[in-house]
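Notes to accompany the following structure.
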Amino acid sequence: MNNETPLLDRPALTDVSTAATAGENSRRNKLLILAKKVFATEAKAVAALSQSLDVQFADACDLLLGCSGRVVVCGVGKSGHIANKIAATLASTGTPAFFVHPAEASHGDLGMIRADDVIIAISYGGESSEIKTILPLVKRLGTPVIAITGKINSSLAHSASAVLNVAVAEEACPLGLAPTSSTTATLAMGDALAVVLLETRGFSAADFAMTHPGGKLGRKLLLSVADVMVSGQSSPSVLTGTLLRDALYTMSAGQLGFLTVIDDNKQLLGVFSDGDLRRALDRDIDINKTLIDDVMTKGGYSVTAQQLAIDALELMEKHKIYALPVLDANATVCGALNMHTLLQAGVV
């Protein structure tokens, strides 16, 4: 007897595939829902900080602004990781800071802390044994303490000169165990301190670049035109009165796509570019008889060697030009640059 299911009664392969796809989509949607719930919970915790912020924040800022030493940030566990990041953010935005692990502090690293420093101690519960161990010693030094905690009646809070409350209604962790909303709130509080200090001190983008010389921003804000320009034979120039034919030889040798026209004192009279050449050829001129003065762009834009390379880039982008002559302190032509040289230097 044949017990096989008749073909007509079997589910179609397309139906099985559709059901599998629907199940996979349902599973993926649940993952997205869980993630969105985390974002919502942590966003709510950060938003609540602005509502609970009080004069203690201003007191903390005053301590940091008046600090003649350095800011020492400490914490244990997840708070320690956040403390490390806060110290790095402060240091890169004009507030000298470093991280010290409280356990290491009680084994010698306390010698790194001085009376003219300010300590930012981070402990959500405010009862971290490692921090509590060093608090009496810090007090004996006379070093002020700023507490970042979720428990304003904790031992840490009572020992601090200013208390920043980062209490959260709930952790994003469904078990309520893993620090999630609380660490996000603590990080946001540290960012608020850093940014307020930055703006109060008038810390500029150029100052920021000084602490980031290896990054793209550093290259943009620290490199001067003199650092990236070409000079000598690589910077083609011709004297006024030069035949266009000879000027083209000079321009080709320079490989910048343009040349400068100067007088006997190297004063800039004009520039001649590939665009000027195309316009000249449209006029059906004789390159063997035409002077460069008759086809050049008189005057033209220029930059000084002392300017920032980023200023040269902005000028070129604004006026849609790809090369510029460079002038020295005496307003004489000393070099040139184009988009390619800026690109090679990492400015673009």
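Scanning region 141-177 for residues that are surrounded by 22 or more Cβ atoms within 10 Å (Cβ to Cβ) and of a type in the set (S, T, Y) turns up just one, T149. Within region 307-336, which residues are outside any strand (DSSP E or B) and closer than 15 Å to L269 by Cβ? Matches in region 307-336: A331 only. Considering every residue within region 173-191, establish whether at least one is touching a strand residue (DSSP E or B) at 6+ places or on another chain (Cβ under 7 Å), modelled with pLDDT under 95, part of a helix (DSSP H, G or I) and of a type in the set (A, V, I, L, M, F, W, C). No: zero hits. Comparison of V100, V76, V55 shows that the only residue that is under 16 Å from I148 (Cα atoms) and touching a strand residue (DSSP E or B) at 6+ places or on another chain (Cβ under 7 Å) is V100. Restricting region 33-57 to residues that are within 13 Å of T186 (Cα to Cα) and loosely packed, with under 14 Cβ neighbours inside 10 Å leaves a set whose member that is modelled with the lowest pLDDT is S50.
Of all the numbered requirements in (1) at pLDDT below 95; (2) buried (at least 20 other Cβ atoms within 10 Å of the Cβ); (3) not polar (S, T, N, Q), I122 misses one, and that requirement is (1).
Among the residues of region 269-291, is there at least one that is assigned by TED's automatic domain parsing to the domain that holds L243, in contact (Cβ under 8 Å) with a residue 40 or more places away in the chain, of a type in the set (S, T, Y) and crowded, with 20+ Cβ neighbours inside 10 Å? Walk me through it before giving the result.
As a first pass, look at region 269-291 and keep what is assigned by TED's automatic domain parsing to the domain that holds L243: 269-291.
Within this subset, residues satisfying the condition of being in contact (Cβ under 8 Å) with a residue 40 or more places away in the chain are 271, 273, 285, 287-291.
From what's left, of a type in the set (S, T, Y): 273, 290.
Among the residues that remain, those that are also crowded, with 20+ Cβ neighbours inside 10 Å are: 273.
Yes: one or more hits.
The combined condition, being of a type outside the set (F, W, Y), in the same structural domain as T186 (by TED's automatic domain parsing), within 32 Å of the chain's Cα centre (by Cα) and under 17 Å from H81 (Cα atoms), is not fulfilled by A172.
Residues L63, L137, L110: which one is at pLDDT 95 or above and farther than 26 Å from S181 by Cβ?
Details: L137 fails: at pLDDT 95 or above; L110 fails: at pLDDT 95 or above.
Matching residue, one of L63, L137, L110: L63.
Restricting attention to region 58-91 and to residues that are closer than 13 Å to L193 by Cα and among the small types (G, A, S), the residue that is surrounded by the fewest Cβ atoms within 10 Å (Cβ to Cβ) turns out to be A58.
So in region 337-348, with the set limited to residues that are part of a loop (DSSP other than H, G, I, E, B) and out of contact with any Ser or Thr (no Cβ under 9 Å at 6 or more places or on another chain), which one is modelled with the lowest pLDDT?
The first filter runs over region 337-348 and keeps only residues part of a loop (DSSP other than H, G, I, E, B), leaving 345-348.
Checking the rest, the ones that are also out of contact with any Ser or Thr (no Cβ under 9 Å at 6 or more places or on another chain) come to 345-346, 348.
Details: A345: 76, G346: 75, V348: 66.
Only one residue fits best here, namely V348.
For region 237-268, a tally of residues being among the polar types (S, T, N, Q) and in contact (Cβ under 8 Å) with a residue 40 or more places away in the chain returns 6.
The values are calculated or read from the model by the stated rules, or taken from the named source; none is laboratory data. Being a predicted model, the structure only gives us computed values, none of them experimental. Glycine also receives a Cβ, built like all others from the backbone with ideal geometry; neighbour counts cover every protein chain displayed.
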